[in-house]
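Worksheet: the structure to be examined is printed underneath.
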Amino acid sequence: MKKILVVEDDANMRKLLVDEFNRQGFKTAEASNGEEGLQLVLDFKPDSIVLDIIMPVMNGAQMLEALRKEEWGKNIPVTILTNASDLGMIATALERGVCKYIIKSDVAIDDIVKKVADEIK
């Protein structure tokens, strides 16, 4: 069973994503900020990470940077899911090996799940 880590500070969005991933047959773990997400990565060993950018404690860009510095984190597929459409932020994320950059307001939950699932099937 493939595993997805959802790192999202909006509790409602996080629940919707986790519920849909579970419904599609994935095992999930969730975190409300980048610091929690980094701690979970080692124990959970996800096949893919869905990562928000704007979060408290440690934002998604900081988590991604820390993840990519570690040997175990260099190749985990990461999908950025955010409302931030700043071109500089998108470019930085892509430079750090992000698979997809999805603007939350542009897509439905089931579309997000499908796009992430397609990366790891």
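Here, each number is a calculation from the coordinates, and none is a lab measurement. These numbers were taken from a predicted model, which means no experiment stands behind them. Cβ coordinates were reconstructed from backbone atoms using ideal geometry, including for glycine residues, and neighbour counts include every protein chain displayed.
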Kirkwood hydrodynamic radius over Cα pairs of the chain, then Stokes diffusion coefficient at 20 °C and 1.002 mPa s, in µm²/s:
154 µm²/s
Can you run phi through the Karplus equation (6.51, -1.76, 1.60; θ = phi - 60°) for the stretch 105-120 and list ³J(HN,Hα) in whole Hz, with x for Gly and Pro?
6, 8, 9, 7, 4, 5, 5, 4, 4, 4, 5, 5, 4, 4, 5, 10
The stretch 21-84 - Rg over Rh from alpha carbon coordinates, Kirkwood radius:
0.94
At 0.36 nm per residue, minus the direct Cα-Cα distance, what do Lys115 and Asp43 gain on full extension? Give it in nm, one decimal, please.
23.5 nm
Search the structure for amide H atoms under 5 Å from the amide H of Glu30, placed 1.01 Å from N in the peptide plane, and list their residues when 5 or more places away or on another chain.
Val6
Evaluate the relative contact order of the chain (contact order divided by residue number), counting alpha-carbon pairs under 8 angstrom at least 6 apart; express in whole percent.
24 percent
Only Lys, Arg, Asp and Glu count, each charged at its Cβ (+1, +1, -1, -1), so figure out the dipole size of the chain about its Cα centre, rounded to 20 debye.
400 debye
Please name which of Gln62, Met1, Leu40 has its Cα lying farthest along the dipole of the chain towards the positive end, using unit charges on Cβ (Lys, Arg +1; Asp, Glu -1) and the Cα centre as origin.
Met1
Once phi is turned into θ = phi - 60°, what whole-Hz ³J(HN,Hα) does the Karplus curve with 6.51, -1.76 and 1.60 give for every residue of the stretch 61-75, x standing for Gly and Pro?
5, 5, 5, 4, 4, 5, 4, 6, 6, 8, 4, 5, x, 5, 10
